[in-house]
Amino acid sequence: MFTKDTLSGKTILITGGGSGLGLAMAKGFIANGANIAICGRTEEKLQKAIEEIKTEGGETSQAKYYTCDVRDHEAVKKMVAEIVTDFGSMEGLVNNAAGNFLSASEDLTPGGFKAIIDIVLHGSFNCTHAFGNYLIDNKKEGSILNIVTTYAESTGCAFVLPSACSKAGVLAMTRSLAFEWAEYGIRVNAIAPGPFPTKGAWSRLVPDKVIEKMFIKKNPMKRYGEHDELANLATFLMSDMAPYITGESVVIDGGERLQAGQFNFINDLMSRKKLKAAFKAMKPK
Ligand code: HXC
Ligand code: NAP
């Protein structure tokens, strides 16, 4: 479906692109012809990531890293200006940088709540604001992709309150700006991933095998997502193959979010064969 030209002519910044899903998207984008900028707070991690990303790209693709904390509005503005100077232009932004941890909400400190809101909500605003203004000032079209979570949409989520609040805010920003900035030719979409094992997420959110097992059990596909699957979806949304899609949040979770269906639990009670026999026995003769 994609070729080495699918994203050619596009320079895309991926925040938090030094690890996990951000790195997977960076590798996917460069393989499909984009120039890649990644940012994060840890220079060593970014340096290593850039070496990996470059090996995925063609001869004309470029990749650079920027040490930047997305919570700092001035630093983000400076980074966007540097990217434009280094690459000549900027066409895409993926707000992927995030923070999260498990905590009973009554035990949260104001600092803990603020840390996550600052990274996820303020960080996404800072990058979107700087990039949006660059596009608008230069009469350029562009695309923004926000990485949210399935619990951002309607359920919220126990034990990750700051993340649930900030991701819901980012989703609201996605839809608000999709409408407001459509007249500038700026598309704003989101991806809501289900569970995709990464060191960053698993070290903070999946502390033991019991939780790991439950994640698989409650997923109707009985597996985790593969990083490439998410990178492919992101490539499509960032490409010119999706020019009429804006304000959309695409879930990629193997159906995990659908577990609330009232009779879905029956599937876990017995084998499909036994279930069918039980249903048959209930059918009027
Ligand atoms: C309770 C905690 C805490 C924890 C930190 N804090 N960790 N509170 N439980 N486990 C509190 C601190 O006490 C402090 O509050 C405040 O948070 C800031 O802590 P710092 O360590 O100074 O913050 P900072 O260095 O900015 O680090 C931010 C961080 C850290 C979010 C806490 O974990 C981080 O850098 N994370 C980045 C990567 C990440 O989280 N990736 C996972 C994304 S996965 P006080 O009040 O004491 O000052 C994801 C997926 C969701 O989002 C869905 C999965 C299926
Ligand atoms: P990750 O590897 O921990 O990625 C988070 C990245 O953000 C790190 O590279 C981190 O680098 C960077 N970052 C954190 N705070 C930052 C800041 N203030 N400024 C700049 N960069 C910062 O975790 P991941 O699992 O790949 O998560 C990526 C995205 O997917 C996140 O938005 C997450 O919420 C979302 N998501 C993940 C899953 C999953 O199952 N993995 C599920 C749903 C949603 P530094 O610490 O070096 O700055």
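The values are calculated or read from the model by the stated rules, or taken from the named source; none is laboratory data. Worth saying up front: this structure is predicted, and the values here are computed from it rather than measured. Positions of Cβ are backbone-derived with ideal geometry, glycine not excepted, and every protein chain shown enters the neighbour counts.
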Counted residues, the stretch 80-104 - those being more than 9 Å from ligand 2 (Cβ to nearest atom) and under 20 Å from the mean Cα position of the chain (by Cα): 8
Scan the stretch 181-215 residue by residue and report those that are surrounded by 13 or more Cβ atoms within 10 Å (Cβ to Cβ) and among the acidic types (Asp, Glu). GLU212
Of LEU46, LEU13, which residue is touching a residue at least 12 places away in the same chain (Cβ under 8 Å), over 30 Å from LYS139 (Cα atoms) and within 14 Å of ligand 2 (Cβ to nearest atom)? LEU46
If GLU59 meets every condition in (1) under 25 Å from ALA24 (Cβ atoms); (2) in contact (Cβ under 8 Å) with a residue 12 or more places away in the chain apart from one, which number is that one? (2)
Quick one: would you say ILE36 is in contact with a helix residue (DSSP H, G or I) (Cβ under 9 Å, 6 or more places away or on another chain), under 20 Å from GLY200 (Cβ atoms), assigned to a helix (DSSP H, G or I) and more than 11 Å from ligand 2 (Cβ to nearest atom)? no
State whether the residues of the stretch 187-201 include one that is in contact with a Pro (Cβ under 9 Å, 6 or more places away or on another chain) and either at positive phi or away from ligand 1 (no atom under 15 Å from the Cβ) (or both). yes
Collect the residues in the stretch 87-122 that are in contact (Cβ under 8 Å) with a residue 60 or more places away in the chain, buried (at least 23 other Cβ atoms within 10 Å of the Cβ) and closer than 22 Å to SER203 by Cα, keeping them in residue-number order. ASN95, ASN96, ALA97, ALA98
Can you find even one residue in the stretch 75-87 that is at negative phi, in a helix (DSSP H, G or I) and basic (Lys, Arg)? yes
Just give me the residues in the stretch 95-131 being more than 6 Å from ligand 1 (Cβ to nearest atom) and either among the aromatic types (Phe, Trp, Tyr) or modelled with pLDDT under 95 (or both), in sequence order. PHE113, PHE125, PHE131
Within the stretch 11-21, tally of residues that are within 13 Å of ligand 1 (Cβ to nearest atom), outside any loop (DSSP other than H, G, I, E, B) and buried (at least 24 other Cβ atoms within 10 Å of the Cβ): 2
Do we have any residue at all in the stretch 71-85 that's at pLDDT 95 or above, over 16 Å from THR128 (Cα atoms) and touching a Leu at 6+ places or on another chain (Cβ under 7 Å)? no
Keeping to the stretch 132-152, report how many residues are away from ligand 1 (no atom under 13 Å from the Cβ) and surrounded by fewer than 20 Cβ atoms within 10 Å (Cβ to Cβ). 8
Is it true that SER8 is outside any strand (DSSP E or B), at pLDDT 95 or above and of a type outside the set (D, E, K, R)? yes
Please identify the pairs in which a residue from the stretch 185-204 that is closer than 23 Å to GLY255 by Cα has its Cβ atom under 7 Å from the Cβ atom of a residue that is among the polar types (S, T, N, Q) and part of a helix (DSSP H, G or I), counting only partners at least 6 apart or on another chain. ASN189/THR174; ALA190/THR174; ALA192/THR150; GLY194/THR150
Show the residue pairs that are 6+ apart or on different chains and have beta-carbon atoms under 9 Å apart, the first residue being within the stretch 256-268 and without any contact (Cβ under 8 Å) to a residue 12 or more places away in the chain, the second being part of a helix (DSSP H, G or I) and not aliphatic (A, V, I, L, M). PHE265/GLN259
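The rows are residues; the columns are (1) basic (Lys, Arg); (2) surrounded by 20 or more Cβ atoms within 10 Å (Cβ to Cβ); (3) under 17 Å from the mean Cα position of the chain (by Cα).
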residue: LYS4; (1), (2), (3): yes, no, no
residue: GLY33; (1), (2), (3): no, yes, no
residue: GLU59; (1), (2), (3): no, no, no
residue: THR67; (1), (2), (3): no, no, no
residue: HIS73; (1), (2), (3): no, no, no
residue: LYS78; (1), (2), (3): yes, no, no
